[in-house]
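S.K.: Let me give you the structure first, and then I'll get to my questions.
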Amino acid sequence: MALIVQKYGGSSVADAESLKRVARRIVETKRAGNDVAVVVSAMGDTTDDLIDQAKSIDSNPPAREMDMLMTAGERISMSLLAMAIHAAGEHAYSFTGSQAGFMTDARFGAAHIRSVKPERVSRALGLGSVAIVAGFQGINADGDYTTLGRGGSDTSAVALAVALGADIC
């Protein structure tokens with residue numbers, strides 16, 4: 001049995017049918033005898049749509065508030081994917097970056113990961129569940145949500161794999 005971290009980008013989870021397809025792939029990997037942790041991006045163009053909405057309200061929005069807004073896209077993906085996995089016959093827990101133990105510096109929009117302490121993810125895996133983590137995000141020492149910038153979900157997947165001691169990422 002291997003511990004596998006899988007990462008799915010926005011086009012892979014763009015709509016309900018895509019989410020179901022990803023869920024089937026995750027379930028197949030789990031039923032092959034592996035522990036599976038998953039990192040997801042926001043669905044399709046969600047991040048760009050959120051940026052456009054913010055800029056239609058404030059042409060120069062506060063960086064902290066932008067990060068708070070940006071974390072919403074991955075939260076939607078992670079929870080819908082957990083539901084799709086449940087519908088496919090397996091159990092999954094979804095976690096925000098902060099719930100998954102991603103601690104960052106305070107650089108809004110371009111935060112760096114300082115540490116990953118994935119205790120809750122490890123507990124979920126220990127229970128035989130799939131653990132789904134919202135990529136691209138963490139929390140700083142002040143308790144503010146932060147984002148890692150473009151490509152941040154890929155970074156999150158690699159950091160989670162290292163922190164869990166995964167066999168494959």
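S.K.: Pull up segment 14-39, narrow it to residues that are over 12 Å from residue 153 (Cα atoms) and in contact with a strand residue (DSSP E or B) (Cβ under 6 Å, 6 or more places away or on another chain), then point me to the one that is surrounded by the most Cβ atoms within 10 Å (Cβ to Cβ).
M.R.: In this case the residue turns out to be 37.
S.K.: Right, something else. In segment 112-169, which strands (runs of 3 or more DSSP E) lie fully inside it and hold 3 or more residues that are touching a residue at least 60 places away in the same chain (Cβ under 8 Å)?
M.R.: 130-134, 145-147
S.K.: So, one more: Filter segment 116-162 down to the residues that are of a type in the set (S, T, N, Q) and touching a helix residue (DSSP H, G or I) at 6+ places or on another chain (Cβ under 8 Å) and list them by number.
M.R.: Correct list: 122, 137, 146, 147, 153.
S.K.: Could we say that residue 73 is buried (at least 20 other Cβ atoms within 10 Å of the Cβ), touching a helix residue (DSSP H, G or I) at 6+ places or on another chain (Cβ under 7 Å) and either within 14 Å of residue 15 (Cα to Cα) or among the hydroxyl-bearing types (Ser, Thr, Tyr) (or both) here?
M.R.: For residue 73, the condition - buried (at least 20 other Cβ atoms within 10 Å of the Cβ), touching a helix residue (DSSP H, G or I) at 6+ places or on another chain (Cβ under 7 Å) and either within 14 Å of residue 15 (Cα to Cα) or among the hydroxyl-bearing types (Ser, Thr, Tyr) (or both) - is met.
S.K.: Just name the residue that is surrounded by the fewest Cβ atoms within 10 Å (Cβ to Cβ) out of those in segment 91-108 that are without any contact (Cβ under 8 Å) to a residue 40 or more places away in the chain and in a loop (DSSP other than H, G, I, E, B).
M.R.: 91
S.K.: On to the next question. Just one of 18, 59 is in contact with a Ser or Thr (Cβ under 9 Å, 6 or more places away or on another chain), of a type in the set (Ser, Thr, Tyr) and more than 22 Å from residue 99 (Cβ to Cβ); which is it? Step through it out loud before you land on a result.
M.R.: Working: 59 fails: in contact with a Ser or Thr (Cβ under 9 Å, 6 or more places away or on another chain).
Unique residue meeting the criteria: 18.
One line per residue, one yes/no per condition, for (1) part of a loop (DSSP other than H, G, I, E, B); (2) within 16 Å of residue 37 (Cα to Cα); (3) of a type in the set (A, V, I, L, M); (4) at pLDDT below 95:
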position: 55; (1), (2), (3), (4): no, no, no, no
position: 67; (1), (2), (3), (4): no, no, no, no
position: 75; (1), (2), (3), (4): no, yes, no, no
position: 85; (1), (2), (3), (4): no, yes, yes, no
position: 89; (1), (2), (3), (4): yes, no, no, no
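S.K.: Any idea how many residues of segment 1-42 are over 11 Å from the mean Cα position of the chain (by Cα) and assigned to a loop (DSSP other than H, G, I, E, B)?
M.R.: Residues flagged as over 11 Å from the mean Cα position of the chain (by Cα) and assigned to a loop (DSSP other than H, G, I, E, B) within segment 1-42 amount to 7.
S.K.: Hey, among 111, 88, 42, 2, which residue is surrounded by fewer than 16 Cβ atoms within 10 Å (Cβ to Cβ) and within 27 Å of residue 164 (Cα to Cα)?
M.R.: Residue meeting the stated conditions: 2.
The values are calculated or read from the model by the stated rules, or taken from the named source; none is laboratory data. Owing to the predicted nature of the structure, the values given are computational and were not obtained by experimental measurement. Don't worry about glycine lacking a Cβ; one is built from the backbone with ideal geometry, like all the others, and counts go over all protein chains shown.
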